[in-house]
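The values are calculated or read from the model by the stated rules, or taken from the named source; none is laboratory data. Fair warning: this is a prediction, and the values are worked out from it, not measured in the lab. Cβ sites come from the backbone with ideal geometry, for glycine too, and all protein chains shown count toward neighbours. Each accessible area value is taken on the protein alone, full model and side chains, heavy atoms only, with ligands, DNA and RNA left out. Shrake-Rupley method; radii C 1.70, N 1.55, O 1.52, S 1.80 Å.
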Amino acid sequence: MSERIWRKSSFSTGPQSECVEVAAGPNGLVHFRESDDPRITVATTRAIWATFIAAAKAGGFDRLTG
């Protein structure tokens, strides 16, 4: 298996900046993990990932943050 290239948001800066990292995987899957504990990764389809991102951008999860 080739090494994944993980990408982190450009909004995540500084030494204490934990956030979600994303990488393309085989078979068209998208892998994501939390940067402060990269041992655990989750994989999903591109369609589900796109739906999740659209919902996050639309504020669909805002009620969970406080």
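Before moving on, here are some points about what is shown:
- Residue count, the range 11-39 (criterion: more than 12 Å from the chain's Cα centre (by Cα), loosely packed, with under 11 Cβ neighbours inside 10 Å and not polar (S, T, N, Q)): 8
- Residues (open to solvent by 70 Å² or more (accessible area, probe 1.4 Å) and not in a helix (DSSP H, G or I)) located in the range 43-66: ALA58, PHE61, GLY66
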